[in-house]
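**Student:** Okay, handing you the structure first.
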Amino acid sequence: MIPAKELTTGNLIIWNPKLTNPDSTLSAMLIEVSGVMKDKVTYVFPNIENRVEPFEDDVAQTGVSYKPLTELEPIKLTEDILVNSGFIKKGGLLSSKHFEKGKLELKQVDDHFELASFPNSPAIKTVHQLQNLSFVLSGEEVEIRPHGQQA
């Protein structure tokens with residue numbers, strides 16, 4: 001479960017119905033948060049056009065989709081996700097690995113990442129933490145591509 005206070009519009013997370021119902025036959029899937037409430041989120045599927053206006057024979061969908069916080073889990077931030085999202089890998093063998101995208105520079109520390117230019121930076125372990133931090137620091141959202149699509 002992800003606490004509601006950690007989520008904001010645009011965060012990428014995983015909806016996993018097996019967290020509350022182990023017998024569920026539904027697979028976990030990537031969702032993008034479109035709204036946050038005390039005990040649930042509204043969502044859309046990323047990279048899919050989410051329109052509400054009718055076209056020709058289409059009927060506009062007026063319902064809103066919700067998922068409870070108890071069925072949500074974070075996406076672990078990895079080197080592959082950073083590279084797929086357009087971060088440039090620097091350093092390596094003898095020095096710590098750094099990843100740069102625009103003004104954002106991260107260094108890899110054990111099982112997490114930290115801001116390279118900020119002493120005692122908080123650990124960044126998940127995609128939504130990176131998204132939130134990037135927005136706070138730059139005022140811009142960082143585009144994340146978790147599934148191998150190159151930026």
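**Student:** How high is the relative contact order of region 79-138, given as a whole-number percent (alpha carbon pairs under 8 Å, six or more residues apart)?
**Tutor:** 17 percent
**Student:** Sorted by average packing, counted as other Cβ atoms within 10 angstrom per residue and highest first, what order do 107-116, 19-28 take?
**Tutor:** Taking the mean over residues of other Cβ atoms within 10 Å, the ranking is 107-116, 19-28.
**Student:** OK, next. Mind checking the full-extension length gain between F135 and K5? Use 0.36 nm per residue of separation minus the Cα-Cα distance, one decimal, nm.
**Tutor:** That works out to 45.3 nm of additional length.
**Student:** Same structure, new question: On full extension of the chain, what length is gained from F118 through M29, given 0.36 nm per residue of separation minus the C-alpha to C-alpha distance?
**Tutor:** My answer for the length gained is 28.7 nm.
**Student:** Between S65 and I88, 0.36 nm times their residue separation minus their Cα-Cα distance comes to what?
**Tutor:** Between S65 and I88, full extension yields 4.7 nm more.
**Student:** Would you mind counting up the charge near D111? Only other residues with Cβ under 14 Å from its Cβ, with Lys and Arg at +1 and Asp and Glu at -1.
**Tutor:** +1
No value in this document is a laboratory result; all are computed from the given coordinates. Values in this document were obtained by computation on a predicted structure and should not be read as measured data. Neighbour counts run over all protein chains shown; Cβ positions are idealised from the backbone, glycine included.
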